[in-house]
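Notes follow the structure.
The values are calculated or read from the model by the stated rules, or taken from the named source; none is laboratory data. Since the structure is predicted, the reported quantities are computational estimates derived from the model, not experimental observations. When we count neighbours, we look across all protein chains shown, and the Cβ atoms used for this are built from the backbone with ideal geometry, even at glycine.
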Amino acid sequence: MIMRRRMGRPGLLGTMARTAVITGTATAVSGGMQRRSERRASEQQAMAYQQQQEMDARIASEVQAQQQQYQAAPQPAQQAPAAPDRLQQLKDLGQLKADGLLTEEEFAREKARILAS
């Protein structure tokens, strides 16, 4: 029996084999592209997470430094509420003396009492 080789279009088995090869190649390429895309996305997420962590740490250290600076800063001394009262009392006392209602001795005695309190 002599086998003849067929010329022209491929037969059914040849077409199926060619289709299988093309499909397999396309699947392999598609899978590789998908894995590569997933790997890139994963790396980008990891990088974004790391940058966020660094930013959070930087902000936390700045807040801590500001808190320490605030705590270390001397608090403004609160004036005693009596100081304006003393001043007003001395003014009133001076007015009484100017009006002639107090003598020099009474003025000196009251002035000393106000300043001592």
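Points to keep in mind about this one:
- Residues of the stretch 46-82 satisfying the condition of being of a type in the set (S, T, N, Q) and either surrounded by 10 or more Cβ atoms within 10 Å (Cβ to Cβ) or at pLDDT 90 or above (or both): Q50, Q51, Q52, Q53, S61, Q64, Q66, Q67, Q68
- Filter result for G100 (modelled with pLDDT under 90 and loosely packed, with under 10 Cβ neighbours inside 10 Å): yes
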